[in-house]
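A quick write-up on the structure given underneath.
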Amino acid sequence: MTFDYDLFVIGGGSGGVRAARVAASETGAKVALAEEDRYGGTCVIRGCVPKKLMVFASEFPGMVDEARAYGWDMVNAGFNWGAFKTKLHAELDRLEGIYRNLLKNAGVESFDARATVVDAHTVELSTGERKTAKHILLAMGGQPVKPEIPGADLAITSNDIFHMEQLPGTMLILGGGYIACEFAGILNGLGVDVTQYYRGAQVLRGFDDEARGLVAEEMRQNGVDLHLGTNILSMARDASGRIRVVATNGDERVFDQVLFATGRSPNTDAMGLEAVGVKLGRGGQVLVDDYSQTAVPSIYAIGDVTDRVNLTPVAIREGMAFVETVFKGNPTKPDHELIPTAIFTQPEMGTVGMSEEEARDKGPIEVYCTSFKPMQTAFAGRPDRVMMKLVICADTRRVLGCHIVAPGAGEMIQLAGIAVKMGATKEDFDRTVAVHPTMSEEIVTMKAPVRRA
Ligand code: NDP
């Protein structure tokens, strides 16, 4: 049987673009890709990239205050959201252009259209055209979900935040995950009066307790009005056009804007997947085996649509492993062990491996931890604290987890992640000479465990 293509990729985000490009340029495969929205996907267009640029923008007021404490005569005359937004979107346009060119230069045929699956080897484009392919790769990503709360349609999501006409004076953020905590810090830094409601006992569920505790403490210290054990009961637009929110704790307050950061769901609706035999999980995610193959042998899936580890670099790895397996004849499982990651809260959290709580359940551990006021901000009279923590297996001495809460923790954990991935022991860390004076030197100078468990 002959097909139009060797590979048809649905979704032009980080994972899909990488898989398409590498399959075409490195194996000579005939590849097509369909994207219904903008090339670059969540990460580039409405996620990591614009978010990080907003993190940078939001940090300047703190720097100006600090500069003053260091003797500089500085005035912060305010933030111009309109000017920033114009520049931000010009940058996103530029990046989208790069993504399109990457595909073009690799010889991938791209379609600005929605694609759905018709059978094991056929997709249908929203233009009405049908295309056949030996393999189909699902890389549609995910989208924000809103809980069913009366008035929920009044809230915006992370998709909308980069398009706000103006910065609100007051904002309520609902949720305690990555997105909620990151935007709480960003908007607070940009001068918005931020309140955050999270239904659980502590934000950033699943991360190391001590680390997320410090992040929450510092967020409050920086001015975020964080309410734990609190959810929204209902919302309604009041006469002034603002949003009146009734909370589970009995509070009734009015906000200019409400942001829901209450999780994301895979883009599998109305894709025709179940009809062709692709199995979906309870959350709508595409179920795949260790090689990213679905229940239909010719159809594979990578990235957020599979809801494994929803991070851009992981989707890219999954895409590369797919190409290796299917187009290079070298069966390769994407490695989901010991993935370093950063949460761009203020301060940032960088983490790799197990939390203390997770490790404790698996066997005897030693915990090394230090928390201190870093030189730079302490000099400026700020109360900020940072934290460095190692979780060690008491038997093998291996570092099971490394957790850093500090400005620049994302940069630090990338490097610490190499050592942890290599299987470094506490003694390997001890043998490494400190870089002085830095914050991260504390990671190699912790002498005695603070706890054994
Ligand atoms: P998360 O799943 O991390 O967090 C969702 C939050 O919303 C949780 O605090 C959850 O509470 C809460 N929630 C869920 N349902 C409800 C509800 N019905 N009412 C009230 N609260 C609710 O999702 P995010 O949207 O923050 O992020 C999605 C994913 O995107 C992340 O998991 C991550 O993989 C990725 N991401 C990564 C980033 C990075 O690498 N820096 C940055 C941003 C996103 P509970 O804890 O109780 O379930």
Can you work out which of the residues in the range 234-262 that are within 24 Å of TYR178 (Cβ to Cβ) and small (Gly, Ala, Ser) is surrounded by the fewest Cβ atoms within 10 Å (Cβ to Cβ)?
ALA247
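Condition check ((1) in a helix (DSSP H, G or I); (2) charged (D, E, K, R); (3) farther than 19 Å from ASP209 by Cβ) across all residues:
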{"site": "SER371", "(1), (2), (3)": "no, no, no"}
{"site": "PRO383", "(1), (2), (3)": "no, no, yes"}
{"site": "HIS403", "(1), (2), (3)": "no, no, no"}
{"site": "GLY410", "(1), (2), (3)": "yes, no, yes"}
{"site": "GLY417", "(1), (2), (3)": "yes, no, yes"}
{"site": "GLU427", "(1), (2), (3)": "yes, yes, yes"}
{"site": "VAL435", "(1), (2), (3)": "no, no, yes"}
Note down all Cβ pairs under 8 Å where the first residue falls in the range 141-155 and is on the phi > 0 side of the Ramachandran plot, the second is at pLDDT 95 or above and within 10 Å of the ligand (Cβ to nearest atom), and they're at least six residues apart or on different chains.
GLY141/THR42; GLY141/ASP304
Working carefully through the options ALA113, ALA90, find the one that is of a type outside the set (Phe, Trp, Tyr), in contact with a strand residue (DSSP E or B) (Cβ under 7 Å, 6 or more places away or on another chain) and either modelled with pLDDT of 95 or more or exposed (fewer than 15 other Cβ atoms within 10 Å of the Cβ) (or both).
ALA113
Can you name the residue in the range 160-179 that is more than 7 Å from the ligand (Cβ to nearest atom) and closer than 19 Å to ASN231 by Cα and is also surrounded by the most Cβ atoms within 10 Å (Cβ to Cβ) among such residues?
ILE173
Restricting to the range 310-367, what's the tally of residues that are within 22 Å of the chain's Cα centre (by Cα), of a type in the set (Gly, Ala, Ser) and on the phi < 0 side of the Ramachandran plot?
6
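Suppose the filter is in a helix (DSSP H, G or I), within 10 Å of the ligand (Cβ to nearest atom) and touching a residue at least 12 places away in the same chain (Cβ under 8 Å); does GLU182 pass it?
Numbers: in a helix (DSSP H, G or I): yes; within 10 Å of the ligand (Cβ to nearest atom): yes; touching a residue at least 12 places away in the same chain (Cβ under 8 Å): yes.
Considered against the rule, which asks whether it is in a helix (DSSP H, G or I), within 10 Å of the ligand (Cβ to nearest atom) and touching a residue at least 12 places away in the same chain (Cβ under 8 Å), GLU182 comes out as yes.
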THR351 being over 17 Å from PRO340 (Cβ atoms) and at pLDDT 95 or above
no
Taking the range 1-48 and keeping only residues that are charged (D, E, K, R) and touching a Gly at 6+ places or on another chain (Cβ under 7 Å), one is left with ARG18, GLU35
Subset of the range 299-351 (residues that are within 12 Å of the ligand (Cβ to nearest atom), closer than 22 Å to LEU214 by Cβ, part of a loop (DSSP other than H, G, I, E, B) and not acidic (Asp, Glu)):
ILE339, PRO340, PHE344, THR345
Note on the range 77-122: residues of a type in the set (Gly, Ala, Ser) and either under 23 Å from THR268 (Cβ atoms) or in contact with a Leu (Cβ under 6 Å, 6 or more places away or on another chain) (or both) are SER110, ALA113, ALA115, ALA120
Tell me, yes or no, whether the range 123-133 has at least one residue that is away from the ligand (no atom under 12 Å from the Cβ), surrounded by fewer than 23 Cβ atoms within 10 Å (Cβ to Cβ) and among the β-branched types (Val, Ile, Thr).
yes
So ASP6 ticks every box in (1) at pLDDT 95 or above; (2) not hydrophobic (A, V, I, L, M, F, W, C); (3) not in a strand (DSSP E or B) but one. Which box is left unticked?
(3)
Just the residues that are without any contact (Cβ under 8 Å) to a residue 40 or more places away in the chain and either among the acidic types (Asp, Glu) or outside any helix (DSSP H, G or I) (or both), please, taken from the range 57-90.
GLY71, TRP72, ASP73, MET74, VAL75, ASN76, ALA77, ASN80
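The values are calculated or read from the model by the stated rules, or taken from the named source; none is laboratory data. Everything numeric in this text was worked out from a predicted model, so none of it was measured. Please note: Cβ atoms are built from the backbone with ideal geometry, for glycine as well, and neighbour counts cover all protein chains shown.
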